[in-house]
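All remarks here apply to the structure that follows.
The values are calculated or read from the model by the stated rules, or taken from the named source; none is laboratory data. Owing to the predicted nature of the structure, the values given are computational and were not obtained by experimental measurement. Heads up, the Cβs are rebuilt from the backbone with ideal geometry, glycines too, and the neighbour counts pull from every protein chain shown. Calculation scope for accessible area: heavy atoms of the full protein, side chains included, ligands and nucleic acids excluded. Shrake-Rupley method; radii C 1.70, N 1.55, O 1.52, S 1.80 Å.
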Amino acid sequence: MNPANRLAQISFTAGPAALLAGWFLMRPIHGGLEPGPWWTAAHLAWLAAFAMFGLMTLAMRGLAMRDPSRPVTGGRRVAVESVTVLALFGVAANLAQLVIDLYTGFAAADGEALRGLLDDVKGYPGVEPVVYGPGAQLFYAAVLAHAVVLAVLRRVTPVSAAVTAGGVVLLAVATFEAGRNSALVALGMAVLWLGTLLLGRGRPGGAGTATPAPGSQGQGATTSRTSTQLLR
């Protein structure tokens, strides 16, 4: 198996899993600004999560484009490409944020120093809105849009798209209403995890499912065209 294909398949589960792991790693410091092993471990987990989300974004684009019997053209192709670009922009913003957080976490002696360093970084033009604000949150909106587009194109099941969308909505509502330390945020991440896991399986009978190999019916053999092929 092509390692890149295997990594594409893994990204649908590894990304959300690492996102949730980072949330749990922040519990010993109650999600606060406190440099140390828990801060570092959580941010490394999130760094891995968004690296996987980048691969997942490319894999979802591939899932949309990979069925030659139902080519994507015109406005639908524009929609797929636009959502992919927005998602990758959001991934880049989050990766930049995490690199900054890790650097300041290593450089700061305590929470007050960490807060001061982060305030200094956010003082640069464009950093706060792009890296710590709407630019970073754009990724989640793009994931929701990607799920809807894939469902419209019949590349994934309506259930998988709905679960993914539900996870994003729950995550957003919980963050803004109850705060990022709320248990509802973790629940939203878990629902998102389930949704992307289902998205990665594609749609039965579609571009991402197992299909019989030519001439193999008598032997019962099949060839698998799964999401491991999405980055080819």
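The table that follows gives values for the structure above.
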read-out	value
Convex hull projection area averaged over all views, region 1-88, Cα basis, nm²	7.4 nm²
Convex hull projection area averaged over all views, region 75-146, Cα basis, nm²	5.1 nm²
Percent accessible area from carbon and sulfur atoms, the chain, protein chains only, probe 1.4 Å	66 percent
Per residue, the convex hull volume that the Cα atoms of region 33-126 enclose (Å³)	83 Å³
Cα-based Rg / Dmax (Å) for region 49-181	17.6, 59
Packing rank of 107-118, 39-50, where each peptide gets the mean count of other beta carbons within 10 Å, highest leading	39-50, 107-118
Length released on extending from Thr40 to Phe89, taking residue separation times 0.36 nm less the Cα-Cα span	15.3 nm
Where Rh is the Kirkwood radius over Cα pairs, Rg/Rh for the chain	1.04
Sum of -39500 (n - 2.57) over DSSP H runs of 4+, divided by residues of the chain (222 nm, nearest 500)	-23500 deg cm²/dmol
Å² per residue, accessible surface of the chain at 1.4 Å	48 Å²
Inter-probe distance in nm under a simple model that places probes 7 Å from Cα toward Cβ, at Glu177 and Arg76	3.5 nm
Region 18-63 shape via C-alpha gyration tensor axes, a/c threshold 1.5	prolate
Cα long-axis angle, helix 134-152 against the chain (0 to 90 degrees, to the nearest 10)	20 degrees
